[in-house]
Amino acid sequence: MPLTFDDLLARARSLADRRPRALLGIAGSPGAGKTTLAEHLVRELNGTGAPWVAHVPMDGFHLADVELDRLGLRDRKGAPGTFDAAGYAALLRRLREETDEVVYAPGFERVLEQPVAGAIPVPPTARLVVTEGNYLLLDGGSWARVRSGLDEVWFCEIDEGERIRRLVARHEEFGKEHEAAVAWVLGTDQRNAELVATSRERADLVVPAGALPSPDRAESPERRLRATG
């Protein structure tokens with residue numbers, strides 16, 4: 001039978017039943033639906049009771065533009081080398097080990113396109129942390145420590161044309177003219193997407209488009225304060 005969103009909910013719940021705090025990663029190329037899936041999982045699992053699932057996107061670990069300028073990487077923003085991968089791996093370790101106090105994670109403000117320190121509190125009551133980003137399955141450098149810090153990693157996969165369409169629309173929504181958005185998506189974003197695709201085989205589960213919830217029409221404040229990937 002085809003995988004469904006209800007199947008994903010059940011699998012996420014089972015992760016939390018196995019240990020004091022579980023960490024679930026959601027990977028995939030830019031525009032593949034990682035954030036949508038993570039937000040829907042968190043929303044449905046938390047329901048109307050006391051929240052026990054937290055959402056910590058990887059994109060709070062973007063390097064600031066001033067540092068990208070210093071490194072000469074501004075035009076590659078979003079590539080693996082433009083993130084603090086070691087810092088992200090260290091945060092995952094803290095989330096695993098420090099379960100008796102609030103752990104603060106950085107967010108990413110889409111309008112400013114800058115990371116925001118201490119924007120996401122993860123309380124001791126969080127028994128499942130859902131984190132998502134492009135590069136969770138990379139096996140080079142500090143990224144290898146990211147994969148080893150997660151209990152499972154799922155890989156989102158959708159039609160390539162739809163992925164590109166969504167990505168262009170997202171860039172336009174946050175200020176790029178159409179031609180500039182298309183150029184960025186088919187250039188920088190596409191190079192990143194091709195790299196991400198090589199990590200697919202290391203996923204514990206490949207999530208097809210049919211199991212992904214539809215993107216929300218409205219942009220919530222929580223969604224705005226996070227990722228570009």
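Of note:
- All positions within the stretch 145-178 that are of a type in the set (A, V, I, L, M) and at pLDDT below 95: Ile158, Ile164, Leu167, Val168, Ala169
- Residues considered: Gly28, Gly47. Of these, the only one that is of a type outside the set (D, E, K, R) and within 13 Å of Trp154 (Cβ to Cβ) is Gly28.
- Qualifying positions in the stretch 194-216 - within 12 Å of Pro30 (Cβ to Cβ) and in contact with a Gly (Cβ under 8 Å, 6 or more places away or on another chain): Val196
- The set of residues in the stretch 40-60 that are in contact (Cβ under 8 Å) with a residue 60 or more places away in the chain and more than 10 Å from the chain's Cα centre (by Cα) comprises His40, Leu41, Val42, Leu45, Ala50, Pro51, Trp52, Val53, Ala54.
- Within the stretch 146-174, the set of residues being within 20 Å of Thr82 (Cβ to Cβ), in contact (Cβ under 8 Å) with a residue 24 or more places away in the chain and over 16 Å from the mean Cα position of the chain (by Cα) comprises Phe174 only.
- Single condition Gly140 does not satisfy, out of (1) modelled with pLDDT under 95; (2) within 16 Å of the chain's Cα centre (by Cα); (3) not aliphatic (A, V, I, L, M): (2)
- The one condition in (1) touching a residue at least 40 places away in the same chain (Cβ under 8 Å); (2) in contact with a His (Cβ under 7 Å, 6 or more places away or on another chain); (3) within 23 Å of Ser199 (Cβ to Cβ) that Thr82 fails to fulfil: (1)
- Yes/no for Glu219 being of a type in the set (D, E, K, R), modelled with pLDDT of 85 or more and either under 16 Å from Leu37 (Cα atoms) or over 17 Å from the mean Cα position of the chain (by Cα) (or both): no
- Tyr135 vs. criteria of a type in the set (Phe, Trp, Tyr), surrounded by fewer than 21 Cβ atoms within 10 Å (Cβ to Cβ) and not in a helix (DSSP H, G or I): no
- Matching residues in the stretch 55-76 - criterion: being over 24 Å from Ala12 (Cβ atoms) and buried (at least 17 other Cβ atoms within 10 Å of the Cβ): His62, Leu63, Leu68
- Failed criterion for His171 (all others in (1) loosely packed, with under 13 Cβ neighbours inside 10 Å; (2) part of a helix (DSSP H, G or I); (3) in contact with a Ser or Thr (Cβ under 9 Å, 6 or more places away or on another chain) hold): (1)
- Flag for Arg96 being within 30 Å of Phe5 (Cβ to Cβ), touching a residue at least 40 places away in the same chain (Cβ under 8 Å) and surrounded by 13 or more Cβ atoms within 10 Å (Cβ to Cβ): yes
The values are calculated or read from the model by the stated rules, or taken from the named source; none is laboratory data. Just so it is clear, the model here is predicted, and its values are computed rather than measured. Note: ideal-geometry Cβ built from the backbone for every residue, glycine included; neighbour counts use all protein chains shown.
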